[in-house]
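Engineer: Questions regarding the structure given below will be posed in turn.
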């Protein structure tokens, strides 16, 4: 450490809220399959409300879910649910009685709602996958800058709270409203930097599925997942799921601030899939998720016995609708066999699948798994690429060594 | 007190099947304040030409891990990133340090 770094870092603790000593720091390491590296990450148990997580960044926290968690069930435990914050000024002390959600802008009545007042509205519950726009970014080739996630910046929970529509109706949306903007309690650590805000079109905001969650998997939200309130936008990428939601602003024109106009944009082409170096495409705000599926009981490079069937198990989700089929292939995608689908927890949830590969001959085999959603959209055989590392959903391959 | 309330909430929610979405909850959600401490990072950038500039300018907004987990990126990519930090995210970077920062980042060997 350089001597001149000392005063700066003394300042840091003040900027970032409470800076604690870090017990539980050395909980081991994990190797992620990031092409060209660096591929080693610490496992950490040092974060409040969290068990063992892959440390991608300490401040502001980026914590990835270790992939074996996804083999344990379709609902991701709160203490293993991934964490992603943009700005390091995160409130660490939230008074449930003093907290207020404001609803303002192009409405008949501005509101300031306590948590108890929100809980008086009709309760709504939905199972939905929350997936970072950049999930799997670290696996892109060629590599792209940004948080270098493997496949674990996603999770599935049963979200409990109230419909956004019911909250907006209480405020009375005025004619001429076009979008609704959401902001949380987190703030930039430097002046004039763009506060994190996201917007949805009014019709989407009032569709009766977009909701304000005060619980996930039957428990209060962990602070790092957005306590006390989080916007839930089923079927859409997590960038819209604003954490520590404290402000709802109804707009009478399209939101043109940085986080909508410049950041989180995708190429306006199918699957957001372009070639490295390609230019001349229009961009749009990232929006609906696309289907994905993952084998969870066999790791890449696993050795399995020759001459006996191989059990395959995993999770799939349709993106912005349900799962129609999951197919598995043991010959690199030449032939496919449907997998059995597990219980249906709703169109936005993870869904378990199970299948069996026929007895394989000794040697190397490529196991592939492909989800087609109820809108008929199938995962592409080849990986998606774009410069921001968004919307990866190419068919996953697990190399099996059969001996 | 808060423990008992949490148990009540857990039981109430766990027994709420999807089919009961529209029915009023038997007991409203009770909220308990949360206070946590977030860990800090004392990690700094490894020695090398420009390390001091990086340590002095890049750690106000994020810990070093954000940078040290990046893949090998070109000088053009690092220049774009540093410019984004300065001009969009308003990082308080001394203009005299920008070249040294880009040089350091572009020379990193992941």
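Engineer: Ordered by packing density, taken as the mean number of other Cβ atoms within 10 Å over each peptide's residues, highest first, how do A:37-48, A:248-259 rank?
Structural biologist: A:37-48, A:248-259
Engineer: Can you give me the relative contact order of chain A as a percent, contacts being Cα pairs under 8 Å and 6 or more apart?
Structural biologist: Relative contact order comes out at 15 percent.
Engineer: For peptide B:67-75, how many partner chain Cβ atoms fall within 10 Å of a residue's Cβ, on average?
Structural biologist: Details: counts 2, 2, 15, 8, 14, 5, 4, 1, 0.
Rounded to a whole number, the mean comes out at 6.
Engineer: With label points built 7 Å along Cα→Cβ from the Cα atoms of residue B:47 and residue A:284, find their separation and express it in nm.
Structural biologist: 5.4 nm
Engineer: Whole number please: convex hull volume per residue of the Cα set in segment A:306-368, in Å³? Can you show the working numbers first?
Structural biologist: Details: hull volume 4.8 nm³, N = 63.
Given the Cα convex hull of segment A:306-368, per-residue volume reads 76 Å³.
Engineer: Please work out how much length the chain gains when fully extended from residue A:334 to residue A:120, using 0.36 nm per residue of separation minus the C-alpha to C-alpha distance, in nm with one decimal.
Structural biologist: Going from the current span to full extension adds 71.5 nm.
Engineer: Roughly what would the spin-label model give for residue B:76 and residue A:40, points 7 Å off Cα along C-beta, in nm?
Structural biologist: Once both label points are built, they end up 3.3 nm from each other.
Engineer: Also, quick follow-up: Do the sum for chain A: with -39,500 (n - 2.57) for every DSSP H run of n ≥ 4, divided by all residues, what is the mean residue ellipticity at 222 nm, to the nearest 500 deg cm²/dmol?
Structural biologist: -2000 deg cm²/dmol
Engineer: Any idea what the relative contact order of segment A:51-177 is, in percent, if you count C-alpha pairs under 8 Å spaced at least 6 apart?
Structural biologist: The normalised contact order for segment A:51-177 reaches 27 percent.
Engineer: Starting with the highest mean, order A:99-106, A:340-347 by the number of other Cβ atoms within 10 Å, averaged over the residues of each peptide.
Structural biologist: Numbers: A:99-106: 17.9, A:340-347: 14.8.
Going from most to least packed, we get A:99-106, A:340-347.
Engineer: Evaluated at 4 °C with a viscosity of 1.567 mPa s, what Stokes-Einstein diffusion coefficient in µm²/s does the protein assembly as shown have when Rh comes from the Kirkwood expression over alpha-carbon pairs?
Structural biologist: Answer, rounded: 54 µm²/s.
Engineer: So how tilted is helix A:5-15 from the main axis of chain A? Cα-based, degrees 0 to 90, rounded to 10.
Structural biologist: 70 degrees
Engineer: Looking at the square roots a ≥ b ≥ c of the eigenvalues of the Cα gyration tensor of segment A:148-209, which shape do they give, rounded for a/c under 1.5, prolate if a/b is larger than b/c, or oblate?
Structural biologist: Verdict is oblate for segment A:148-209.
Engineer: Averaged over peptide A:38-45, how many Cβ atoms belonging to another chain are found within 10 Å of each residue's Cβ? Don't skip to the answer; put the middle values down first.
Structural biologist: Working: counts 8, 3, 1, 2, 1, 0, 1, 0.
Taking the mean over all residues of the peptide, I get 2.
Engineer: So how do B:62-73, A:143-154, B:89-100 stack up, highest first, on mean other-Cβ count within 10 Å?
Structural biologist: Order by mean packing, descending: A:143-154, B:62-73, B:89-100.
Engineer: How high is the relative contact order of segment A:295-403, in percent, with contacts defined as C-alpha pairs under 8 Å that are six or more residues apart?
Structural biologist: On the way: 257 pairs, mean separation 37.3, N = 109.
Worked out over segment A:295-403, it gives 34 percent.
Engineer: Between residue A:303 and residue A:71, what length comes free when the chain is fully extended (0.36 nm per residue of separation minus the Cα-Cα distance, one decimal in nm)? If you can, show how the numbers build up before the last one.
Structural biologist: On the way: separation 232, 0.36 × 232 = 83.52 nm, distance 1.80 nm.
Roughly 81.7 nm would be gained on extension.
Engineer: Assign one of three labels to segment A:266-352, namely rounded, prolate or oblate, based on the Cα gyration tensor with a ≥ b ≥ c the square roots of its eigenvalues; rounded applies when a/c is under 1.5, prolate when it is not and a/b is larger than b/c, and oblate otherwise. All intermediate terms of the calculation are to be shown ahead of the outcome.
Structural biologist: Values: a/c = 2.92, a/b = 1.61, b/c = 1.81.
The shape class here is oblate.
Engineer: Shielding by partners for A:178-189, please: the mean number of other protein chain Cβ atoms within 10 Å of each residue's Cβ.
Structural biologist: Rounded to a whole number, the mean comes out at 1.
Engineer: While we're here: Full-extension gain between residue A:269 and residue A:187, please, as 0.36 nm times their residue separation minus the C-alpha to C-alpha distance.
Structural biologist: Stretched fully, the residue A:269-residue A:187 segment lengthens by 26.2 nm.
Engineer: Looking at the square roots a ≥ b ≥ c of the eigenvalues of the Cα gyration tensor of segment A:334-403, which shape do they give, rounded for a/c under 1.5, prolate if a/b is larger than b/c, or oblate?
Structural biologist: Numbers: a/c = 2.38, a/b = 1.25, b/c = 1.91.
Cα axes put segment A:334-403 in the oblate bin.
Each reported figure results from applying straightforward, stated rules to the coordinates on display, with no laboratory input. These numbers were taken from a predicted model, which means no experiment stands behind them. Using ideal geometry, Cβ is built from the backbone for each residue, glycine included, and neighbour counts are taken over all protein chains shown.
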